[in-house]
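The values are calculated or read from the model by the stated rules, or taken from the named source; none is laboratory data. Keep in mind the model is a prediction, meaning the values are calculated, not measured. Here Cβ is always computed from backbone atoms with ideal geometry, including for glycine, and neighbour counts include all displayed protein chains. Note: accessible area is taken over every heavy atom of the protein model, side chains too, but ligands, DNA and RNA are not part of it. Shrake-Rupley method; radii C 1.70, N 1.55, O 1.52, S 1.80 Å.
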Amino acid sequence: MRLSTLFGRTLREVPADAEVISHQLSLRAALIRQVAAGIYSYLPLGWRVLRKIEQIMREEMDAADGQEMSMPVVQPAELWRATGRYDAPAPGPALLRFKDRGEHEMVLGMTHEEVVTALAKLEIDSYRQLPLMVYQIQTKFRDEPRSRGGLIRVREFIMKDGYSFHTDAASLDEYYPRIYQAYINIFKRCGVQAIPVEADSGIMGGSASHEFMVLSEMGEDTLILCEHCGYAVNAEKAQFAKGAAESSAVLPLEKVATPGTSSIQAVAAYLGVPERQTLKAVFMSDPEGKVVFALIRGDLDVNPVKLSNALGGVELHASTAEELKRVGIVAGYASPIGVKNVRVIADDSLTSGTNFVAGANEAGYHMKNVNYPRDFTVDLVTDIAIARSGDPCERCGQPLQAKRGIEAGHVFKLGTKYSAKVGATFLDKDGSAKPLVMGCYGIGAGRLLACIIEQNHDERGIVWPRSVAPFQVHLVSLGTNNPVVVEAADVLYQKLMSVGYEVLYDDRQESAGVKFNDADLIGIPVRLTISKRTLEKTSVECKLRWDDTVELVAQSDLEAWLVTIFA
RNA sequence: CGGGGUGUAGCGCAGUACGGUAGCGCGCAGCGUUUGGGACGCUGAUGUCGGAGGUUCAAGUCCUCUCACCCCGACCA
């Protein structure tokens, strides 16, 4: 490809809208251009990278016995009604809906469980056909409330999504690690370090799932890691050792005046007790405004995802003052004692320890010596606490670390959630019809591209890993007014291509500075320079993008030199 | 959906307090000189100042409405 005719130009200045480094570089290096919020075009350079990423995913999926196929982006609403997701609160408005000219309700696919399960119902009859895995590399559309960070969080994106079908859970359990390993291979081959963590399965449902997280301050997820024992988990799901509050002889309930102490910190200090001897009340409401009272030991915080899961996955928001008033709760002094009209979900941290301080449901007053279950009852006791940096690991007791990460891939054991609803069954050996047991596996291609840049750049630009670089060789000719140089560069360009290299040839009439800066920005692994100077020595100047040194290589040795780089 | 911000040439920005002929840098086109880290000179083109109303002799600037985009939060397979 001659740079003089490449569609898409590099930008010298950072576009004002881009804050994230991968966003800035993908715009400046002419990989992508924005069309609307969270919707991008890929320019030729970006598309070449994306295709390389896709090819790596394809090879790893094929190696895991996957069969590539393609399913539509536009899907009938009835498929989504069948699984209940059309009307469910989640995904809700993220599922873009519209009508075609025949007034049929349609959606833009945000994932393909519905379509693939319907296909499986059609095509799979017998256990003899199982297990199998199909995958596609296809556009998804999710009408996110807010896109951000360039390609990191978008509305329209290309995803590699795979679906496996099994006779039973044991078969899925056996297959799942192969995909897990394939994912590790994919990220490694793409030059990104991704950490697999245990994850919450969210609206996808299912029994187990893992996310592949790329460490980045930009990340929207928090991971909890234990360096000591290797426990790695999304904070949404992380468990930790909570320890126990003090236990002593149970004392009689006592109401005390605690003016101006609407926070745990304040009331603990006022009464001279540790925070872990207090009970904290947190209120969240469902979409209908019904208040949930979450009760947890004062030194811990509520994890909204765990709380939501404890309630069967309902959507929750922080309760408004109005919602609290309606059920007679005094914010800041709320008490589990005598509370009515709300569901009380308690963290298991309050089942050990005695004589806690809790609110009196009256401004300016708390209760001392509150004991469960003597003084109050709850609807459910479970783990609803969020793990924080420094909390002890539940498995080994060592301190946990919290880090930010970008979710680059996600694998789920779905079980029969979709197949049962769609009626996708097969006949087992014993002649009985059983729902297919499913797994699903996704990686966002564009997000992965952004992650690659996040982890592979320097102050001058992108430093592509060889595996995904848009071209292998960036050929720079200096002195385009010198016919001898032009001729030599043209010959080298043709020769490199004839032996199979992907070459970006900077044949523009630009100064050396412009050409070198663009080469650094675009980040192709090998830079070859041809000039009057190199020709005098019948050599080519060679430089690797990740290395500062340049090397003169005799023209006759160039091919051998390149072989060592791409070996 | 709440809070904050920005829309002026392809990109980055000034001009808006106080209304009076729309500017700068880069980029782009032509000519010439340059050619190893974002060269130089000369000449030139490009704007419905996001949009619609309004006030005024006169609006990029004032008023009203509206749209788009960015950031924080809510949300998120």
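For the stretch A:139-151, which positions are of a type outside the set (D, E), open to solvent by 30 Å² or more (accessible area, probe 1.4 Å) and more than 7 Å from RNA strand B (Cβ to nearest atom)?
Within the stretch A:139-151, just A:T139 meets the criteria.
Given the stretch A:95-162, what strands (runs of 3 or more DSSP E) lie entirely inside it while holding 2 or more residues that are in contact with a helix residue (DSSP H, G or I) (Cβ under 8 Å, 6 or more places away or on another chain)? Can you show your working first?
Numbers: elements: A:97-99, A:105-108, A:132-141.
Ranges flagged: A:105-108, A:132-141.
So is A:F165 over 14 Å from the mean Cα position of the chain (by Cα), open to solvent by less than 50 Å² (accessible area, probe 1.4 Å) and touching a residue at least 40 places away in the same chain (Cβ under 8 Å) or not?
Values: over 14 Å from the mean Cα position of the chain (by Cα): yes; open to solvent by less than 50 Å² (accessible area, probe 1.4 Å): yes; touching a residue at least 40 places away in the same chain (Cβ under 8 Å): yes.
Judged against the criteria, A:F165 is a match.
Pairs please, first residue from the stretch A:399-423 and of a type in the set (F, W, Y) and open to solvent by 10 Å² or more (accessible area, probe 1.4 Å), second anywhere and assigned to a helix (DSSP H, G or I) and modelled with pLDDT under 95, Cβ atoms under 6 Å, 6+ apart in sequence or on different chains.
Once the first residue is of a type in the set (F, W, Y) and open to solvent by 10 Å² or more (accessible area, probe 1.4 Å) and sits in the stretch A:399-423, its partners that are assigned to a helix (DSSP H, G or I) and modelled with pLDDT under 95 give A:F412/A:M204.
Could you check how many residues of the stretch A:468-500 are in a loop (DSSP other than H, G, I, E, B) and within 16 Å of RNA strand B (Cβ to nearest atom)? Show your work before the answer.
Residues of the stretch A:468-500 that are in a loop (DSSP other than H, G, I, E, B), as a first pass: A:468-472, A:478-482, A:499-500.
Okay, now just the ones that are also within 16 Å of RNA strand B (Cβ to nearest atom), so A:478-482.
Adding up the residues that qualify gives 5.
Find the residue count for the stretch A:506-518, including only residues that are within 7 Å of RNA strand B (Cβ to nearest atom) and open to solvent by less than 30 Å² (accessible area, probe 1.4 Å).
Residues that pass the stated criteria total 1.
Here is a check on your reading of the model: is A:F165 out of contact with any Asp or Glu (no Cβ under 7 Å at 6 or more places or on another chain) and either over 23 Å from A:C229 (Cα atoms) or not in a strand (DSSP E or B) (or both)?
Details: out of contact with any Asp or Glu (no Cβ under 7 Å at 6 or more places or on another chain): yes; either over 23 Å from A:C229 (Cα atoms) or not in a strand (DSSP E or B) (or both): yes.
Answer is yes for this residue.
Cβ-Cβ distance below 6 Å, separation of 6 or more or different chains: which pairs start in the stretch A:12-37 with a residue that is open to solvent by 70 Å² or more (accessible area, probe 1.4 Å) and end on one that is near RNA strand B (Cβ under 10 Å from one of its atoms)?
If the second residue must be near RNA strand B (Cβ under 10 Å from one of its atoms), the pairs left are A:Q34/A:Y40.
If a residue has to be in a loop (DSSP other than H, G, I, E, B), touching a strand residue (DSSP E or B) at 6+ places or on another chain (Cβ under 7 Å) and surrounded by fewer than 17 Cβ atoms within 10 Å (Cβ to Cβ) to count, how many in the stretch A:372-382 make the cut? Break it down stepwise before answering.
Quick first cut of the stretch A:372-382, residues in a loop (DSSP other than H, G, I, E, B) only: A:372-379.
Subset that is touching a strand residue (DSSP E or B) at 6+ places or on another chain (Cβ under 7 Å): A:378-379.
Next cut, surrounded by fewer than 17 Cβ atoms within 10 Å (Cβ to Cβ) only: A:379.
The qualifying residues number 1.
Find the residue count for the stretch A:85-94, including only residues that are within 13 Å of RNA strand B (Cβ to nearest atom), open to solvent by less than 80 Å² (accessible area, probe 1.4 Å) and part of a loop (DSSP other than H, G, I, E, B). Full working, then the answer.
Step one: of the stretch A:85-94, the residues within 13 Å of RNA strand B (Cβ to nearest atom) are A:85, A:88-94.
This time we only want the ones that are open to solvent by less than 80 Å² (accessible area, probe 1.4 Å), so: A:85, A:88, A:90-92, A:94.
Now drop any that are not part of a loop (DSSP other than H, G, I, E, B), which leaves A:85, A:88, A:90-91.
Total satisfying the criteria: 4.
Regarding A:R128, is this residue surrounded by fewer than 20 Cβ atoms within 10 Å (Cβ to Cβ) and either closer than 24 Å to A:I195 by Cβ or away from RNA strand B (no atom under 14 Å from the Cβ) (or both)? Steps first, answer last, please.
Values: surrounded by fewer than 20 Cβ atoms within 10 Å (Cβ to Cβ): yes; either closer than 24 Å to A:I195 by Cβ or away from RNA strand B (no atom under 14 Å from the Cβ) (or both): yes.
Taking the combined requirement at face value, the residue satisfies it.
Yes or no: A:S498 open to solvent by 10 Å² or more (accessible area, probe 1.4 Å) and out of contact with any Leu (no Cβ under 8 Å at 6 or more places or on another chain)?
Numbers: open to solvent by 10 Å² or more (accessible area, probe 1.4 Å): yes; out of contact with any Leu (no Cβ under 8 Å at 6 or more places or on another chain): yes.
Yes: the conditions hold for A:S498.
Any idea which of (1) among the hydroxyl-bearing types (S, T, Y); (2) near RNA strand B (Cβ under 9 Å from one of its atoms); (3) farther than 30 Å from A:A16 by Cβ is the one A:Y180 doesn't satisfy?
Here A:Y180 clears every test but (2).
Evaluate the following for A:S308: is it in the same structural domain as A:V378 (by TED's automatic domain parsing), within 26 Å of the chain's Cα centre (by Cα), crowded, with 18+ Cβ neighbours inside 10 Å and hydroxyl-bearing (S, T, Y)?
yes
So A:M159 fits all but one of (1) touching a Lys or Arg at 6+ places or on another chain (Cβ under 8 Å); (2) away from RNA strand B (no atom under 16 Å from the Cβ); (3) of a type outside the set (V, I, T); what number is the exception?
(2)
Would you check which residues across the stretch A:438-461 are in a strand (DSSP E or B) and in contact with a Ser or Thr (Cβ under 8 Å, 6 or more places away or on another chain) and list them?
Here is the first cut: in the stretch A:438-461, the ones in a strand (DSSP E or B) are A:438-444, A:457-458, A:461.
A:M438, A:G439, A:C440, A:Y441, A:G442, A:H457, listed by residue number.
Residue by residue, here is whether (1) among the acidic types (D, E); (2) modelled with pLDDT under 95 holds:
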| residue | (1), (2) |
| --- | --- |
| A:A16 | no, yes |
| A:A29 | no, no |
| A:V35 | no, yes |
| A:Y42 | no, no |
| A:L50 | no, no |
| A:E54 | yes, no |
| A:M69 | no, no |
| A:Q75 | no, no |
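Could you look through the stretch A:278-302, keep only residues that are within 15 Å of RNA strand B (Cβ to nearest atom) and in contact with a strand residue (DSSP E or B) (Cβ under 6 Å, 6 or more places away or on another chain), and pick out the one that is farthest from A:N369 (Cα to Cα)?
By that ranking, first place goes to A:S285.
I'm trying to understand the selection: among the residues of the stretch A:223-238, which are part of a strand (DSSP E or B) and out of contact with any Pro (no Cβ under 8 Å at 6 or more places or on another chain)?
Restricting attention to the stretch A:223-238, the residues satisfying the condition of being part of a strand (DSSP E or B) are A:223-225, A:232-234.
Residues satisfying the conditions are A:L223, A:I224, A:L225, A:V233, A:N234.
Look through A:V503, A:V540 and report the one residue that is at pLDDT 95 or above and either touching a Gly at 6+ places or on another chain (Cβ under 6 Å) or more than 12 Å from RNA strand B (Cβ to nearest atom) (or both). It would help to see each step written out before you state the result.
Details: A:V540 fails: either touching a Gly at 6+ places or on another chain (Cβ under 6 Å) or more than 12 Å from RNA strand B (Cβ to nearest atom) (or both).
Residue meeting the stated conditions: A:V503.
In the stretch A:205-234, what residues are open to solvent by 10 Å² or more (accessible area, probe 1.4 Å) and free of Cβ contacts under 8 Å to residues at least 40 places away in the same chain?
A:G230, A:A232
Just to be sure before I move on: is A:R97 farther than 24 Å from A:G444 by Cβ and loosely packed, with under 15 Cβ neighbours inside 10 Å in the structure I sent?
Numbers: farther than 24 Å from A:G444 by Cβ: no; loosely packed, with under 15 Cβ neighbours inside 10 Å: yes.
No; evaluated as a whole, the condition is false for this residue.
Considering only the stretch A:528-537, state which residues are closer than 24 Å to A:D458 by Cβ and either more than 9 Å from RNA strand B (Cβ to nearest atom) or surrounded by fewer than 23 Cβ atoms within 10 Å (Cβ to Cβ) (or both). Write out each step before concluding.
So the first thing to find is which residues in the stretch A:528-537 are closer than 24 Å to A:D458 by Cβ, and the list is A:528-529.
Correct list: A:L528 only.
State yes or no: is A:A321 more than 16 Å from RNA strand B (Cβ to nearest atom), modelled with pLDDT under 80 and surrounded by fewer than 17 Cβ atoms within 10 Å (Cβ to Cβ)? Walk me through how you get there before you give the answer.
Details: more than 16 Å from RNA strand B (Cβ to nearest atom): no; modelled with pLDDT under 80: yes; surrounded by fewer than 17 Cβ atoms within 10 Å (Cβ to Cβ): yes.
In short, no.
Identify, please: which residue in the stretch A:410-433 is in a strand (DSSP E or B) and touching a Leu at 6+ places or on another chain (Cβ under 8 Å) and is, among those, farthest from A:Y183 (Cα to Cα)? Give the derivation first.
Initially, the stretch A:410-433 is screened for residues in a strand (DSSP E or B), giving A:410-415, A:425-427, A:433.
Restricting the remaining residues to those that are touching a Leu at 6+ places or on another chain (Cβ under 8 Å) gives A:413, A:415, A:425-426, A:433.
On the way: A:K413: 15, A:G415: 20, A:T425: 28, A:F426: 29, A:A433: 33 Å.
Checking each candidate, the answer is A:A433.
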